[in-house]
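I have placed the structure first, in the form of structure tokens, so that the comments after it can refer back to it.
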Amino acid sequence: MPDRVILTIGTRKGLFVAESAKARGKFTLRGPFATGVAVYASLIDTRGTPRIYASSCNPFFGMKVLRSNDLGKSFKETKSAPAFPKDDGRALANIWSLEPGAAKNEIWCGVEPASLFRSRDGGDSWEMIGGISNHEHSRKWQPGAGGLCLHTILRDGNRMHLGISTGGHYMSEDGGETFKASNTGIGAGFSPDPYPEFGQCVHKIVGHKDAPGRLYIQNHGGWGEWDGPGGRRPDIGVLRSDDYGKTWRSIAKGLPSDFGFPMVVHPHNPDTVYVMPLKPQTRTCPDGAPAVWRSENGGGSWKRLAKGMPKKESFFTIQRDAMDIDELKSPALYFGTTTGQLWIGHDGGEEWECLFDALPPIHNVKVAVV
Amino acid sequence: MTSTTAVELFVPEMLRQYCGKARTLDVSGQTVQAVLDEIERDYPALYVNICDETGAVRRHINIFVNDDHMRDLHGLNTAVAAGDAVTILPAVSGG
């Protein structure tokens, strides 16, 4: 019977692990692991005996993957990290995503420069997936501010959705062997063509197991005032698909900004989705008043959730992987800020509390009940 | 006619876990590149900390031959001779 809530908190200075009983009254913190090294991705793999994985993005000595078999009490490097073939010409710059695969011990990994790797042995060895890593578009993708990263891997049986910044949304229907760009309705603000075939700066893609055809995207919005070629393109930042990601439409109406990074779906209701709107110019919360926004009707309308959060002078930035939601009956949300605060939103975000207020800048937050 | 040379490679403390905790390694080779090739062959886990997949020395890693940075000599083609010390040293950077 799962009775503990485990949080992994990837920061600029290493990985922290927080643990609480199911009541989530008090979290204890351990770490940092990968001390002093940025951790952009973590995974709490609850298949079988739980394992925790984390990327260790060392600017001196290169990328590592860490693995814990004791729920984050200790970590060891796996036998190898993803690496490009020697004659490829690319070198791994960062590890942005770790996701469980279909088979036991299968792990998928998204990296910078945007490419996809798979391990079949729990991270000890890796193979590059040529269908996306060597896609005909791949040499035309451009880096966003965070680098040219493959940051989102969303699996649904043989379907796989990838988010690439800036490459857009790519979809596989053969288990990850081949991919095609699928960006109809996803706008781009930084090209004269508002709706290019590819090259969008997708920030996050989420879905729900009970509604596999339904997907949500937090895209790079904030182009409502653009007056150059191609014209204004408001509300391109928050989107929904109802046909497995083939076409997309805006659901941004009602939000204070269509710019943001993270996006989360309620574990028990695919109609309930959360975003954290940010001002596009500063990547911080509008008016210095942080708030998560929730829709309970699939993006038809939005409600501001900020009880317990600061009302002013708090210019939080929340990065793309720094918000998650647990799977308890009344789930709690969690987000981390680049100012090192870790917040919990009880009752689906109705009431917020700061769990830790002085961690290093937070890149990544994941939660699991084990 | 070629001959091998005995060179002492100094491994910084944080990388010794990848070479049996050795502080120094006796390596052969007539250039820095040849020394790195030997490290790749004999200590692949150590090598990937020094060079990336393209074979380039990582940006924040400095390699000295005796007291001189290899960039001030002939880079990876810098000659090494018996008795020389090759030092792997992480740069002072970050924040």
State yes or no: is A:LEU255 buried (at least 19 other Cβ atoms within 10 Å of the Cβ), in contact with a strand residue (DSSP E or B) (Cβ under 9 Å, 6 or more places away or on another chain) and not in a loop (DSSP other than H, G, I, E, B)?
no
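If we only count strands (runs of 3 or more DSSP E) wholly inside segment B:1-90, which ones have 2 or more residues that are of a type in the set (A, V, I, L, M), within 14 Å of chain A (Cβ to nearest Cβ) and touching a residue at least 24 places away in the same chain (Cβ under 8 Å)? Write out each step before concluding.
Numbers: elements: B:7-10, B:24-27, B:61-65, B:85-90.
Correct list: B:61-65, B:85-90.
How many residues does segment A:1-29 contain that are assigned to a strand (DSSP E or B) and closer than 23 Å to A:ARG320 by Cα?
Going residue by residue through segment A:1-29, those that are assigned to a strand (DSSP E or B) are A:4-11, A:14-21, A:28-29.
Filter again for closer than 23 Å to A:ARG320 by Cα, leaving A:5-11, A:14-19, A:29.
The total comes to 14.
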Does B:TYR18 count as buried (at least 19 other Cβ atoms within 10 Å of the Cβ), touching a strand residue (DSSP E or B) at 6+ places or on another chain (Cβ under 8 Å), under 22 Å from A:GLU77 (Cβ atoms) and modelled with pLDDT of 95 or more?
no
In segment A:61-82, is there at least one residue being away from every other protein chain (no Cβ under 14 Å), in a strand (DSSP E or B) and either in contact with a strand residue (DSSP E or B) (Cβ under 6 Å, 6 or more places away or on another chain) or β-branched (Val, Ile, Thr) (or both)?
yes
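When you look at A:THR317, is it at pLDDT below 95 and hydroxyl-bearing (Ser, Thr, Tyr), yes or no? Full working, then the answer.
Details: at pLDDT below 95: no; hydroxyl-bearing (Ser, Thr, Tyr): yes.
For A:THR317, the condition - at pLDDT below 95 and hydroxyl-bearing (Ser, Thr, Tyr) - is not met.
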Apart from one, (1) more than 14 Å from chain B (Cβ to nearest Cβ); (2) touching a strand residue (DSSP E or B) at 6+ places or on another chain (Cβ under 9 Å); (3) surrounded by fewer than 22 Cβ atoms within 10 Å (Cβ to Cβ); (4) part of a loop (DSSP other than H, G, I, E, B) all hold for A:PRO32; the odd one out is (4)
Take the conditions within 14 Å of chain B (Cβ to nearest Cβ), modelled with pLDDT of 95 or more and assigned to a strand (DSSP E or B) and apply them to A:PHE117. Does it pass?
yes
Please specify each residue of segment A:258-279 satisfying the condition of being in a loop (DSSP other than H, G, I, E, B), surrounded by 19 or more Cβ atoms within 10 Å (Cβ to Cβ) and free of Cβ contacts under 8 Å to residues at least 60 places away in the same chain.
A:ASP258, A:GLY260, A:MET276, A:PRO277
Filter segment A:1-34 down to residues that are within 20 Å of the chain's Cα centre (by Cα) and hydrophobic (A, V, I, L, M, F, W, C), then give me how many there are.
8
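Could you list, in sequence order, the residues of segment A:50-60 that are at the interface with chain B (Cβ under 9 Å from one of its Cβ atoms) and within 15 Å of A:THR11 (Cα to Cα)?
If the condition is that a residue be at the interface with chain B (Cβ under 9 Å from one of its Cβ atoms) and within 15 Å of A:THR11 (Cα to Cα), then A:ASN58, A:PRO59 are the ones that fit.
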Some residue of segment B:41-58 being farther than 27 Å from A:ASP87 by Cβ, out of contact with any Pro (no Cβ under 9 Å at 6 or more places or on another chain) and surrounded by 15 or more Cβ atoms within 10 Å (Cβ to Cβ)
no
Within segment A:83-101, residues among the aliphatic types (A, V, I, L, M) and in contact with a strand residue (DSSP E or B) (Cβ under 6 Å, 6 or more places away or on another chain) come out as A:LEU92, A:ALA93, A:ILE95, A:LEU98
Conditions: (1) of a type outside the set (A, V, I, L, M, F, W, C); (2) over 26 Å from B:ARG16 (Cβ atoms); (3) surrounded by fewer than 20 Cβ atoms within 10 Å (Cβ to Cβ). A:LYS73 meets all but one. Number of the miss?
(2)
Filter segment A:292-325 down to the residues that are within 23 Å of A:LYS366 (Cβ to Cβ) and either among the basic types (Lys, Arg) or not in a loop (DSSP other than H, G, I, E, B) (or both) and list them by number.
A:VAL292, A:TRP293, A:ARG294, A:SER295, A:LEU305, A:ARG320, A:ASP321, A:MET323, A:ASP324, A:ILE325
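From A:ALA54, A:ALA81, A:ALA93, grab the single residue that is surrounded by fewer than 21 Cβ atoms within 10 Å (Cβ to Cβ) and among the aliphatic types (A, V, I, L, M). Talk me through it step by step, then tell me what you get.
Details: A:ALA54 fails: surrounded by fewer than 21 Cβ atoms within 10 Å (Cβ to Cβ); A:ALA81 fails: surrounded by fewer than 21 Cβ atoms within 10 Å (Cβ to Cβ).
None of the others qualify; the one that does is A:ALA93.
The values are calculated or read from the model by the stated rules, or taken from the named source; none is laboratory data. None of the values given here were measured: they were computed from a predicted structure. Because the Cβ atoms are built from the backbone with ideal geometry, glycine has one as well, and the counts that use them run over all protein chains shown.
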